[in-house]
Amino acid sequence: MWDGINRRRFPRADYPCRFKVRQKKGKELLEARTENIGCGGICAIIGKNLGLFSDVELEVDLQDNLPPIKAEGTVVWVVRRHEIKKDRAGYFDTGVEFKNLDEKSISRIEAIVNKCLQKDE
């Protein structure tokens, strides 16, 4: 069994929310959804391989009736999805580490993660 979650500095919670990403030097804005989120970063399903260690600009809608979080990040891992359904082929599980996330955004994400983790207990 994979114990990667136990080695993370920041806990993550399964929390699907809307997510937009753009490579820092790119023009294409991709819409995606998160698989999980934590104060250190997100795992998202994205319809394009952004490339390992790419710098990205993020916009994450936490669906908490507040404006989306805007941040920068770095792609730290990419895994092509092997879906049975043809309409899901070409998608990538992508891990993005947040960079320079402000305290207000950290607090919002922390509150959501804590709420989700309490439900799981």
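Go through the stretch 45-57 and report how many residues are under 11 Å from the mean Cα position of the chain (by Cα) and modelled with pLDDT of 95 or more. Summing the residues that are under 11 Å from the mean Cα position of the chain (by Cα) and modelled with pLDDT of 95 or more in the stretch 45-57 gives 0. Filtering the stretch 80-121 to residues that are at pLDDT below 85, surrounded by 11 or more Cβ atoms within 10 Å (Cβ to Cβ) and assigned to a loop (DSSP other than H, G, I, E, B) leaves 81, 83, 89, 90. Return yes or no: is residue 66 modelled with pLDDT of 90 or more, part of a strand (DSSP E or B) and not hydroxyl-bearing (Ser, Thr, Tyr)? So residue 66 does not fit the description; no. Can you give me the number of residues within the stretch 17-62 that are in contact (Cβ under 8 Å) with a residue 40 or more places away in the chain and part of a loop (DSSP other than H, G, I, E, B)? Selection size over the stretch 17-62: 9.
The values are calculated or read from the model by the stated rules, or taken from the named source; none is laboratory data. Nothing here was measured: the structure is a model prediction, and the numbers come from that model. Glycine gets a Cβ as well: all are built from the backbone with ideal geometry, and neighbour counts include every protein chain shown.
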